[in-house]
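Chemist: A single structure is presented below for examination.
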């Protein structure tokens, strides 16, 4: 689980950096920026799920097992 959590944390860090370096978007009109926000939210949800359920050992196709 530690390597899986580390992988999610690494990807979340990359997404946060990309959001931080993104040029000022027009709120609600920038599809790529909105996709980054959605991806960040999904990664944060996965991290919460993994911390709540230590038996999770695999992340495949966007699903935790």
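The numbers here are math on the coordinates, done by the rules we state, and not lab data. Only a predicted model underlies this, so the values are computations on that prediction, with no experimental measurement involved.
Chemist: Residue separation times 0.36 nm, minus the C-alpha to C-alpha distance between residue 31 and residue 7: what's the value?
Modeler: 6.1 nm
Chemist: Taking Rh as the Kirkwood radius, which is the inverse of the mean 1/r over Cα pairs, what is the Rg/Rh value for segment 1-52?
Modeler: Using only Cα positions, Rg/Rh for segment 1-52 is 1.06.
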